[in-house]
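Contents: one structure, followed by commentary.
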Amino acid sequence: MSLDLIAYAAFFLTMALTYAIMCLGLNVQWGQTGLFNVGIAAFVAIGAYVSALLTTPDAADRVGGFDLPIAVGWIGGALVAGLAAWLVGALTIRLRSDYLAIATFGVAVTVQLCVLNLQPLTGGAFGIGFIPRPFGDLAGDPLAFGLSNLALMTAVVLALYLALQHLAKSPWGRVLRAIREDETAAQALGKRPIRFRLQAFTIGGAIMGLAGAAQGQFIGFIAPDNYLPILTFQVWAMLIVGGSGNNRGAILGAVLVWGLWALSAAAVSAFVLPEQQARAAALQIVMIGVGLCLILLVRPRGILGASNALASLTRKRTPKSKE
Amino acid sequence: MTSTVPDAEQSNAPPARAVIDARDLVKRFDGNTAVAGMSLTLAAGEMVGLIGPNGAGKTTLFNLIAGSLKPTSGEIWIGGRDVSQESPEKRIGRGVGRTFQIPKPFLEMTVLENVLAGAQAQDGERLLANFLRPGHVRRQERLAIDKARTLLEFVTLSGLGAQPARVLSGGQRKLLELARILMADPQAILLDEPAAGVNPALLETIMDRVLDLNAQGKSILLIEHNMDMVTRLCTRVVAMALGKPLAEGTAAEVAANTDVISAYLGATA
């Protein structure tokens, strides 16, 4: 019994960590650069589908199945999603925030409709199954399988976290912050805002693609329904709850919001009559919404928006001007 | 064969040792002409003051020279190159740094980081170099930090390096902006009202520093309303009104010019 519980916990955390990767990607775009991307689902979907195409065995009813190693699928998913982000960014990055949001939302809807309808490539509404899973040969032992995958995903998130922290503290990260704070002043210092924004958007997109690839490989099955706008909403909720601009906050937020999501799913199946459950599933979204409101009321900058919270404290203590 | 008409070749070449050479600049906004044919040169090592009543077009001219606006017509030459159509972020690479009338520090960054942001040709600003050549980036960053600290000392902000820039007063922000562009080693510095809203003690510091910089050979173009400051600092003063040049000379000459006096009194019509 308790072993089952551990296996479930490992599964739960592994899933949460795939969301943490998406959240880290969004944090590069929004938290560090201020790019309002409402098309997260598109880049996640691209990563998932590319990775699935690369790693599944040859399939009769669709293109590919190239049977390549899982690592190739992950890298390929990230690269293609990054390329897609670069293309989208090159066209839209000059737009102001609200227009960028509309444009990226349109891209997400388009990508979702594409994967739904490009049956020869994506398997259409039925999705792609039999995607090889990491440590698939351990699948007979749920505990070993779960823990191995958790270890792998933890290592990926940790490596990504360290790389992103390194970037945030680098001169590159400093320029991003400078541009976000005052574009005119940054330009006067020779920084090219468009170029840095596009780089951040591309990296964020690639990270989201990696998350899609990792998640698809972990579950072993992907379908267009996984990449509806609700996914974008979830990732945003995670980043806001955890603390935008903070990489640790992005990871924490993902685990918390995914926990709330899983908990509310369990509650719905436990307390709602079976024939009403499909409808009651909407309550999950309500719970995330309520959770989000609560966090924003108590900690407007998210749980780990700590540096900023401290900043506002010092602001209160320091007189506005000494003159 | 002699000719009284200056030949085209010669008029096209920039005057010797002119760092900035603005020619016949015109800037129109939706039918409003803010700058209506201004020419201005800044020679190497020179300190020029640009004065004029509000609405004279000083800041527009300044923005044209700094590249944040593009001229409707006319040319801007910097270091012997026509940069009229270049984007503003290229100016600093051409050796021209600017400050803003209302200072624009990066408020949530530390004072030291603000100055570091002025550094040019930092390989660490390339994404991949941070992973491919981390040692090189670190060494370069260390040198930049040393230089930034020296500059903070120069502008008397050395004790505040670790503070977020938003704790600085208005005058300190102006000094920070100065340090930030000095990080880029510009040949010419455009100062937009360095005295505005600055307390007298800090104003002395700013003036001292500007004089120091000029003594080090930097060319300086200064917009200022404070005539005392202009008189003390500038060897040459250009007065403008209604987008056009009005008078030019030493501060005393310009101040005594009747056109200038009537422009300030609002009698230009």
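Only the coordinates and a few stated rules stand behind these numbers; no lab work does. Remember, it's a predicted structure, so these values are computed and weren't measured experimentally. Note that each Cβ is placed from the backbone with ideal geometry, even for glycine, and that neighbours are counted across all protein chains shown.
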Can you give the translational diffusion coefficient of segment A:2-226 in µm²/s, computed by Stokes-Einstein from the Kirkwood radius over Cα pairs at 25 °C and 0.890 mPa s?
135 µm²/s
Test of understanding: what is the full-extension gain from A:I6 to A:V286, defined as 0.36 nm times their sequence separation minus their Cα-Cα distance?
98.0 nm
What FRET efficiency comes out for A:D61 versus B:T231 if R0 is 60 angstrom and r is the Cβ-Cβ distance? Round to the nearest 0.05.
0.10
A:V109 and A:A125 label points (each 7 Å along its Cα→Cβ direction) are spaced in nm at 2.0 nm
Quick calc: nm separation of the 7 Å Cα→Cβ label points for A:D225 and A:S148 -> 3.0 nm
Under the Debye formula (equal points on every Cα, no solvent term), log10 I(q)/I(0) of segment B:216-269 at q = 0.18, 0.31 Å⁻¹
-0.59, -1.38
Within the set B:A43, B:A195, B:A129, GNM on chain B using Cα springs under 10 Å gives the largest fluctuation to B:A129
Give the span of the protein assembly as shown's Cα atoms along each principal axis, as three whole-Å numbers ordered largest to smallest.
96, 63, 49
For A:S170, A:S51, B:S84, what's the fewest-to-most ordering of other Cβ within 10 Å of each Cβ?
B:S84, A:S170, A:S51
So the compactness index of segment A:162-279, its C-alpha Rg divided by 2.2 N^0.38 Å, takes the value 1.41
Could you give the semi-axes, largest first, of the ellipsoid that matches segment A:128-176, computed as the square roots of 5 times the alpha carbon gyration tensor eigenvalues and rounded to whole Å?
35, 13, 5
So for B:E153, B:E177, fewest C-beta neighbours within 10 Å to most, what's the order?
B:E153, B:E177
Evaluate E = 1/(1 + (r/R0)^6) for B:A44 and B:L132, where r is the Cβ-Cβ distance and R0 equals 45 Å; express this FRET efficiency to the nearest 0.05.
0.70
At q = 0.10, 0.11 Å⁻¹, the log10 of I(q)/I(0) for chain B from a Debye sum over equal Cα scatterers comes to -0.55, -0.66
Gained length - A:R248 relative to A:L91, 0.36 nm times residue gap less alpha-carbon distance:
53.4 nm
Would you order A:Y49, B:Y264, A:Y161 from fewest to most other beta-carbon atoms within 10 Å of each residue's own beta-carbon?
A:Y161, B:Y264, A:Y49
What full-extension length gain, to one decimal in nm, is calculated for A:A262 and A:Q165 as 0.36 nm per residue of separation minus the Cα-Cα distance?
32.0 nm
Please report the projected area of segment B:107-167's Cα convex hull averaged over all directions, in nm².
4.3 nm²
HN-Hα J in Hz across segment B:180-194 - Karplus 6.51, -1.76, 1.60, θ = phi - 60°, x for Gly and Pro
5, 7, 5, 4, 8, 6, x, 7, 10, 10, 9, 10, 9, 6, x
Could you run the Karplus curve 6.51 cos²θ - 1.76 cosθ + 1.60 with θ = phi - 60° over segment B:198-205 and give me ³J(HN,Hα) per residue in whole Hz, x for Gly and Pro?
10, 5, x, 5, 5, 4, 4, 4
For the protein assembly as shown, what does -39500 (n - 2.57) per DSSP helix run (n ≥ 4), summed and divided by total residues, give at 222 nm, in deg cm²/dmol to the nearest 500?
-17500 deg cm²/dmol
Taking the Cα-to-Cβ direction at B:T110 and at B:S87 and moving 7 Å from each Cα, how far apart do the two end points lie in nm?
3.1 nm
